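Reading through the structure tokens given below for one structure.
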């Protein structure tokens, strides 16, 4: 279990901001920090792994005190057992895929974990290639594998998928879930993609202007007024068009584009680009097997 | 023609470059990553040799290291080191004189690397020195090559500092640039011309190699 209370004055794009968060995360839990850019999400992760010093607070993992301002405890990043994945991968350009993983191996550790991760993340064919020759999705798979080589207790993912296209995101989300379960990690993800949050996390914490404003199970949190629908999907509004007396809303759900008829009242609250939930009740769905 | 001045020149340039590499990497690292208030002052001092007349540096080194002076006599007495009119003195002066040419490219190399590379290595548990040797330096090879070659070539080209602190002692401090001046004064234009042509050819080749390697031409040819 990791518990932390962090405060820090930050310089955000909109001026000075005071970050003040207090969270405790169970072992094995997958938690997402959700919020607009500049809300202080990345700063929280940087403070957890020791790259940024909080003004005040404490960080404790399974009873080990990593940071305590009052007692002047501040473990170096090297000492905290954390796996970190950045949005822009940060693979070492001078090393091949395999060398990147081997470099992350602690001195006395068994090298078999490297082979295990190469197989798990399906990197076998890429292992002797240099990062510059890989696609974005491949690079991020390597970065994920590399973050796990040292068997960290805590995995921090800083918007790892936001530079990837939809198809790749879906695939990598599956990989992330797989490793989270397999290594029984405690994972903190930063994301501003509702679909991703709903798919991956047990719990979501919404951050705004440095403060936690909401927390809860993803679906409950994002659909604040309770729906009785049996089907619901999260998506993004691509277009709103008036046709005769009704409106047609074009929505992106996963990588599918769907058109839904809406009335004026529903459309009033929508803007293009909004993240929404599409729910449907009382209709008879058809289920058909897909022949692959 | 006596080739001693040419040999001495390349010996001086080689020793100077090696010393500069050892001094330049830590200094460039500090300048690239430090947030110290002293940084602008150190940066200025490192860059001074670019704008200051070489004779100024030479003059002050001559004054400081003269055996008639406290520092000079202390070095002479306790370390047996005489830094004026000697090869060691030339190396010392050249290191100071060529310092910016080694430090600037390496500092720029460090600064242009994404900050995340260093941080990733730290979070992985790697020490600063391991990170420097295995992650940072291997990824700024072009900057290192530029620093090495510029420092080497710049040392070959120095004149004022050498003349001030080294004088014109055959086989000890008479480097090629001094020998050329010497020959011209003696109206031996042919010898001066030979020395000059050799220096011109060598420095041209060295710089050409840098531009070819860093411009990726060599890689393209050998593919």
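Here are the numbers for the structure shown:
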| quantity | calculated |
| --- | --- |
| Percent RCO, i.e. relative contact order, over segment B:15-118, from Cα pairs under 8 Å lying at least 6 residues apart | 42 percent |
| Over segment A:83-147, equivalent-ellipsoid semi-axes from the Cα gyration tensor in Å | 17, 13, 11 |
| Neighbour-count ranking [beta-carbon atoms within 10 angstrom, fewest first] of A:132, A:99, A:119 | A:132, A:119, A:99 |
| Degrees separating the helix B:189-214 axis from the principal Cα axis of chain B, which is the longest one | 0 degrees |
| For q = 0.12, 0.17, 0.22 Å⁻¹, Debye-computed log10 I/I(0) when each Cα of segment A:113-237 counts as one equal scatterer | -0.53, -0.96, -1.37 |
| Taking the C-alpha atoms of the protein assembly as shown, convex hull volume expressed per residue in Å³ | 249 Å³ |
| Quotient of C-alpha Rg and 2.2 N^0.38 Å, computed over segment B:162-223 | 1.60 |
| Helix axis angle, B:4-33 relative to chain B longest principal axis, alpha carbon, degrees | 30 degrees |
| More than 15 Å apart - percent of Cα-Cα pairs taken over segment A:11-51 | 51 percent |
| Solution diffusion estimate, µm²/s, Stokes-Einstein, segment A:225-280, Kirkwood Rh from C-alpha pairs, 10 °C, viscosity 1.306 mPa s | 137 µm²/s |
| A:168, A:90 arranged by Cβ crowding within 10 Å, fewest neighbours leading | A:168, A:90 |
| Average beta carbon contacts from partner chains per residue of A:89-96, 10 Å cutoff | 5 |
| Within a Gaussian network of chain A (alpha carbon springs, distance under 10 Å), most fluctuating of A:244, A:202, A:254 | A:244 |
| Compactness of chain A, expressed as Rg and Dmax over alpha-carbon positions, Å | 21.3, 71 |
| Estimated translational D of segment A:46-184 in µm²/s (Stokes, Kirkwood radius over Cα pairs; 4 °C; 1.567 mPa s) | 81 µm²/s |
| Taking all pairs of distinct alpha-carbon atoms in segment B:1-144, Kirkwood radius in angstrom | 17.4 Å |
| Using alpha-carbon coordinates, inclination of helix A:136-148 to the longest axis of chain A, degrees | 50 degrees |
| The protein assembly as shown, helix-only ellipticity at 222 nm - DSSP H runs n ≥ 4, -39,500 (n - 2.57), divided by all residues, nearest 500 | -14000 deg cm²/dmol |
| Antiparallel bridges, percent of DSSP beta bridges restricted to the protein assembly as shown (to nearest 5) | 70 percent |
| Efficiency of FRET from Cβ geometry, residue A:18 and residue A:219, R₀ 30 Å, rounded to 0.05 | 0.45 |
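Every number here is computed from the coordinates shown, using simple stated rules; none is lab data. Just so it is clear, the model here is predicted, and its values are computed rather than measured. Because the Cβ atoms are built from the backbone with ideal geometry, glycine has one as well, and the counts that use them run over all protein chains shown.
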